[in-house]
Structure formats: C-alpha cells, structure tokens
Amino acid sequence: MSAPAAPQPVTVAATRYVDPARSAEMTAWIRAGTALAEQFPGFLGHGFVRSAEDDEAWHMLYRFADAEALAAWEASEQRRWWLGAAQGLVGEFRVQRMTGIEGWFDPPEHHDVAYPGLPPAPPPRWKQAVSIFVVFLPLSLVLSLAGARWLPDVAPAWRVLLQTLVATPLMVYLGLPWITRRLEWWLHGRPAPWRSSGRAGRGRRGAAPAD
C-alpha cells in the first residue's frame, strides 16, 4: 500500500481595491490580519505590494503549510472579525489559490514573505513551460535510448509505460526542484546572480574608503 501524499503548502493571492487616500488604514488592517493569522498553526507568512502610491490595487499574499491549516484560518472567528472590520474600506477583490504544479514555481521557502517586493503570483505560464521542457527533453531522450538498447523486444506501448513510470518521479522529485532552484531568478523576473554579484563587486572596488 502506497504512503499518503505529503501535504502541500497553499498560497492565496488576493487583490483588493482601496481608495489611495485611505492607505494608512489599509496598512493597519493588513497588519492586524497578519497578527491574527500568526496565531494559527501552519501559517508561513504574508506580504503585500502596490505598483504605485496612487494605485487602488493592493496585491496581498498569504501562505499556509497545507489546505487543512488554511481552512482552519478561513473558518475562524478571528478572520471573520478581521474581514468585517474592512467594511467600507475595501472594495471589490479577487482571490487566486495556488497548489499542485504551481507550487514548483513558488518563491523559495527562505524568501522573506513580508518583503514588499514579493511577487503576488507565480511566473508566467510560458516560463513554467520552458522550465519543464528544459528538464523533460533530455530525460525523455535518455530514457528512449535506454529503452531501445535494453528493452528492444518489449512492445512499444509497454516500453512507453515503463519510461513514463520512471520519468514521472524523476521529474517531480529531482528534475523540477533542480531546475527551479537554478532558474528562480529568471522565473520571478530578477537579475541574474552573476550580474548582481558583478555589480556588487564593482561597487566595492570603486567605493571610497571609510573615515
């Protein structure tokens, strides 16, 4: 009997619309909600970002260790009170939940989710597709060549089935985690690590000596 699947973290991205003149109230409301959510087991972090000071859209992100922990927070009296406190402050909003394959493209767990620059959503679908393709192509070629060499007498349908059974766990547990760690900067639109370190090095070399 196979072991039950490990719980997956759940990320909720919500966009709420607020009058820019009430930004201070909105910030206080968000901090109050974070303080309440921190008391619940499985809470992993929260953050928000705006594109400009006069923008009405607030992109908010919070994350729990699994769906059960998220459900406990969403059904709580504390959250109900918190949402009620926003009556007359927050206008329309939309919510997006991200689990499953989206989780491979989340920001790394050590990233500070309270940092205002945290992206409110996963990378574009085409970047996700490119990342999967980069791993899937060489893995498929290797398994196809191995199947042709070591299983030449096996019917094509059975050979494809065996290759898929091998490729799936390799992709899930090795390939995708490996490629997303190395392309994390590109997936989330940040400068390449070698460019950042190069600029930092030039800055240190050109800096004036301390008094």
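A quick yes/no check of all residues on (1) at pLDDT 85 or above; (2) surrounded by 12 or more Cβ atoms within 10 Å (Cβ to Cβ); (3) over 24 Å from the mean Cα position of the chain (by Cα); (4) not acidic (Asp, Glu):
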{"site": "1", "(1), (2), (3), (4)": "no, no, yes, yes"}
{"site": "34", "(1), (2), (3), (4)": "yes, yes, no, yes"}
{"site": "52", "(1), (2), (3), (4)": "no, no, no, yes"}
{"site": "58", "(1), (2), (3), (4)": "yes, yes, no, yes"}
{"site": "70", "(1), (2), (3), (4)": "yes, yes, no, yes"}
{"site": "98", "(1), (2), (3), (4)": "no, yes, no, yes"}
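Take the conditions (1) surrounded by fewer than 16 Cβ atoms within 10 Å (Cβ to Cβ); (2) in contact with a helix residue (DSSP H, G or I) (Cβ under 9 Å, 6 or more places away or on another chain); (3) not in a helix (DSSP H, G or I); residue 78 misses just one of them, which is (3). When segment 51-93 is filtered for residues that are without any contact (Cβ under 8 Å) to a residue 12 or more places away in the chain, closer than 15 Å to residue 26 by Cα and of a type outside the set (S, T, N, Q), the ones remaining, listed by number, are 52, 83, 84, 88.
Taken over segment 142-160, the criterion of being loosely packed, with under 12 Cβ neighbours inside 10 Å and part of a helix (DSSP H, G or I) is satisfied by 145, 148, 149, 150, 156, 157, 158.
Tell me, please, whether a residue that is among the hydrophobic types (A, V, I, L, M, F, W, C) and part of a strand (DSSP E or B) can be found in segment 25-36. Let's see the steps before the verdict.
Taking segment 25-36 as the starting set, the residues that turn out to be among the hydrophobic types (A, V, I, L, M, F, W, C) are 26, 28-30, 32, 35-36.
When the remaining residues are screened for being part of a strand (DSSP E or B), the result is none.
No, the conditions are met nowhere in segment 25-36.
Conditions tested, residue by residue: (1) exposed (fewer than 14 other Cβ atoms within 10 Å of the Cβ); (2) in contact with an Asp or Glu (Cβ under 9 Å, 6 or more places away or on another chain); (3) modelled with pLDDT of 80 or more.
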position	(1), (2), (3)
129	yes, no, yes
185	no, no, no
194	yes, no, no
197	yes, no, no
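Is there a residue being within 20 Å of the chain's Cα centre (by Cα), open to solvent by 70 Å² or more (accessible area, probe 1.4 Å), closer than 30 Å to residue 191 by Cβ and modelled with pLDDT under 90 anywhere in segment 36-49? Taking every residue of segment 36-49 in turn, at least one turns out to be within 20 Å of the chain's Cα centre (by Cα), open to solvent by 70 Å² or more (accessible area, probe 1.4 Å), closer than 30 Å to residue 191 by Cβ and modelled with pLDDT under 90.
Selection of first residues in segment 131-148 that are more than 14 Å from residue 163 (Cβ to Cβ) and touching a residue at least 40 places away in the same chain (Cβ under 8 Å) and of second residues that are among the hydroxyl-bearing types (Ser, Thr, Tyr) and assigned to a helix (DSSP H, G or I), restricted to Cβ pairs under 8 Å at least 6 apart or on distinct chains, gives the following pairs, ordered by first then second residue: 131/180.
Out of all the residues in segment 16-32, which are hydrophobic (A, V, I, L, M, F, W, C), within 18 Å of residue 80 (Cβ to Cβ) and buried (at least 16 other Cβ atoms within 10 Å of the Cβ)?
Across segment 16-32, the qualifying residues are 29, 30.
Of note, residue 16 satisfies the criterion of being part of a strand (DSSP E or B) and of a type in the set (D, E, K, R).
The values are calculated or read from the model by the stated rules, or taken from the named source; none is laboratory data. The structure presented is a predicted model; accordingly, all values stated were derived computationally and were not measured. All Cβ positions, glycine included, derive from the backbone under ideal geometry; neighbour counts span all protein chains shown. Accessible surface areas use protein heavy atoms only, side chains included; no ligands, DNA or RNA. Shrake-Rupley method; radii C 1.70, N 1.55, O 1.52, S 1.80 Å.
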